[in-house]
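None of the figures in this text is laboratory data; all of them are computed from the coordinates on show. This is a predicted model, so every value here is computed, not measured. Here the Cβ positions follow ideal geometry from the backbone for every residue, glycine too, while neighbour counts run over all protein chains shown.
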Amino acid sequence: MRHLVIAATLFFSATASAQSSEFSALDRNRDGYLSRIEALGAPEIYKRFAQFDKDSDKRLSPAEYTAAQADNDQRMQRDA
């Protein structure tokens, strides 16, 4: 049981780190948000940008980006 908890922790840490580095790579102007133009680097997020922009400020925060990635992952699993 303890090994399972450790493995799960490592997995989620690696996933969060990967999403953070993806976000940083897309955030070209380094303002901590993704504009619609910056989102062009992630086509699936760009297509539904307005849906993922929950606060309607025309940019995605890291939290909104993470939620968008999770939504895309769920869609891919459902379609598989």
- [ ] Calculate, in nm to one decimal, what D55 and R78 gain on full extension: separation in residues at 0.36 nm each, minus their alpha carbon distance.
- [x] 5.6 nm
Task: Magnitude of the charge dipole, the range 21-77, Cβ model with Lys/Arg +1 and Asp/Glu -1, debye to 20 - done: 180 debye
